[in-house]
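S.K.: Let me give you the structure first, and then I'll get to my questions.
Any read-out appearing in this document is the output of simple, stated calculations on the displayed coordinates, not a laboratory observation. Only a predicted model underlies this, so the values are computations on that prediction, with no experimental measurement involved. Counting neighbours? That spans all protein chains shown, and the Cβs are built from the backbone with ideal geometry, glycine included.
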Amino acid sequence: MTYSTPHALPGHDGGPPPSRPATTHARVPGPAQRSGPTEDRPRRPWSARRIPACLAAALVVLAAGALLFEVVWVRTGHRATAWWATLAAELAARPLGNLWILAGAAVAAALGLWLVILALTPGLRRQLPLRVPADGHGQTRAVLERKGAALLLRDAAMRVPGVSTARVRVRRHRATVRAGVGFRDTADVKDDLTDALRRAERDQLALARPPRLRVRVRRSRK
Amino acid sequence: MRDHTKTNRTVLALLGLVLLGGGLLVFAGGTDIYRRWNLTPPAGWPLTASRDVLVPSDQTRWTDMGWWWPAAIAALALLLLLALAWLCAQCRRPPRRLTVADSSADSSEEAVTVSNHALSDAVTADLTVLPGVRSGKVRFYGPSTHPRTRIRLELGTGTGPEQIVAGLHGAVERARRSAGWDSLPTHVALSVARHRPHRVE
């Protein structure tokens, strides 16, 4: 019986196991239902902030570990290690107006502000959310990388008669297309190009929040 | 394992506030802001003048107490353990085997499982036959009974996300139904293979 405890454990106390899947089920459709009215315009997913969390956790582990070691080391009758003695002496000697202390404080404040910003902003700026057909079951979210969107828009631009070169830059709210026109009137090409790009953006890219288009055309040098 | 988005963001925000507050406090004291702007900090406010030091060497208010050192050691150990737990939570190890739904309902010992790898490969194969998909990578994460899936697809030329998303939906739906899960949260990241512009003459 002992070897099967890990397996049997979830079933042991009766109450939680049936309720736990139930609560997760109840929670799973929740966001989808809440976002029902805005289903066709999903927001971009929030990053888990894994890398900053890793770095911060590692730093806290290092700092706490070093301090703990030092305290235990000194309390067990050893002499404080050299770096600790130096650090303690410096901290006790330097006044707050000292340049090093001021610089350290400024760096700490800036780092803190940066962490707060990281915690409050969604991140994943290079991913553009896509419209996903609504389904009854699991929630599906899809994103397209900015670079991919730029390539697709460039292809769409190159299909327009008269366009000989196209450069596309996609940002979060704006896509800039610079096209060189080889033949035909530039104004006509610009109209066609704008139409084609708008259609591509709407139909082919399926972006949830299509960036505004800015089209620039000029006669390409021959 | 969950995504830990909320935990990470909360702890990062707390750490950030502590750093920001401490840094500003020291900076305000160090630049003598209180005196220059004629502010009177509340009584007992630390570090108000630029000639104060951060850690006075005679700061032995509690060190003589019997409880101080055990308390300090316990607090540091707790902090260390919490930080270690937070660090370990970051490595998102996918489950090796996924539990097919309803198989574990009757007796927990006879759960039917499918290898994560096998199911991922099957879905990948299902996806890469879609027209326009160059390559794909599928992973299942989360608790083995209610996994989530993350899909990365690289598109070739001539297709758009619109067509892919429809086909993809079918593949994910097949995987979900074959394992009997009643939901399979899916995150799809599409990229487009780099290619040269081709002109229409």
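S.K.: With a cut-off of 8 Å between alpha carbons and a minimum separation of six or more residues, what is the relative contact order of chain B in percent? Intermediate values should be presented prior to the final figure.
M.R.: Numbers: 206 pairs, mean separation 31.1, N = 201.
Relative contact order of chain B: 15 percent.
S.K.: A further question follows. Within chain B, what's the longest stretch lacking trypsin sites (Lys or Arg not before Pro) that sit in DSSP loops with no more than 16 other Cβ atoms inside 10 Å? Write out the running numbers ahead of the final one.
M.R.: Details: sites that count: B:R2, B:R51, B:R61, B:R92, B:R96, B:R194, B:R199.
Counting only loop sites that pass the neighbour cut-off, the longest clear stretch is B:97-193.
S.K.: How high is the relative contact order of region B:97-192, in percent, counting Cα pairs under 8 Å that sit 6 or more residues apart?
M.R.: Details: 149 pairs, mean separation 27.5, N = 96.
Normalised by residue count, the contact order of region B:97-192 is 29 percent.
S.K.: Of A:H173, A:L152, A:A200, whose Cα points farthest to the positive end of the dipole of region A:143-219 (charges on the beta-carbon: +1 Lys, Arg; -1 Asp, Glu; origin at the Cα centre)?
M.R.: Farthest towards the positive pole: A:H173.
S.K.: Same structure again: May I ask for the net charge around B:H117, where only other residues with Cβ less than 13 Å from the Cβ of B:H117 are counted and Lys, Arg are +1 while Asp, Glu are -1? Write out the running numbers ahead of the final one.
M.R.: Numbers: positive: B:R96, B:R97, B:K137, B:R139; negative: B:D121.
That sum, taken over residues with Cβ under 13 Å, equals +3.
S.K.: So what are region A:50-120's ellipsoid semi-axes, whole angstrom, largest first, if each one is the square root of 5 times an eigenvalue of the alpha-carbon gyration tensor?
M.R.: On the way: eigenvalues 150, 84, 9 Å².
That gives 27, 20, 7 Å for the three semi-axes.
S.K.: For the residues A:M158, B:M65, what sequence is obtained by ranking on other C-beta atoms within 10 Å, fewest first?
M.R.: Numbers: A:M158 17, B:M65 11.
Going from least to most buried by this count: B:M65, A:M158.
S.K.: Percent relative contact order of region A:156-208, based on C-alpha pairs within less than 8 angstrom and at least six residues apart?
M.R.: Numbers: 52 pairs, mean separation 18.3, N = 53.
After rounding, I find 34 percent.
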